Amino acid sequence: MYLIDITLKIDIIPAEKSEALLAGHRAWFAKYFEQGYFLLIGPYLDRSAAGVIIARADSHTQLDAILAEDVYWADKLADYQVREFQAKMVADRIQAD
């Protein structure tokens, strides 16, 4: 499994493109959530323009290909910190607050 920390570089995102880019970003994570690769997605409450994804993929290479589809990736409009981990304890039910 992977923990992905994404922080948008709002200082370099063109204002006239910000809404379209955000819509594309949301469509990207919805696609991979529906396909079962993204298990948990949400914004940080203590940091603007940033959030976290818990994901699963067959390999880091596969995850890199998924990340490369994000609209912010190609032009380096976001920072992506990826950490691989192995879940040792998992709650039977995880529920959003």
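For this structure, a couple of remarks:
- Residue match in segment 47-57 (condition: basic (Lys, Arg) and under 13 Å from the mean Cα position of the chain (by Cα)): yes
- Considered as a group, the residues in segment 32-64 that are in contact (Cβ under 8 Å) with a residue 24 or more places away in the chain and assigned to a helix (DSSP H, G or I) include one that is surrounded by the fewest Cβ atoms within 10 Å (Cβ to Cβ), and that residue is His60.
- Filtering segment 62-97 to residues that are closer than 17 Å to Gln35 by Cβ and of a type in the set (S, T, N, Q) leaves only Gln62.
- Some residue of segment 74-94 being among the acidic types (Asp, Glu), under 15 Å from Ile6 (Cβ atoms) and surrounded by 13 or more Cβ atoms within 10 Å (Cβ to Cβ): yes
Read-outs throughout are calculated quantities, based only on the coordinates presented, and are distinct from any laboratory measurement. Small disclaimer: the values here were computed from a predicted structure and weren't measured. Quick reminder, even Gly has a Cβ in these numbers, built from the backbone with ideal geometry, and neighbours come from all protein chains shown.
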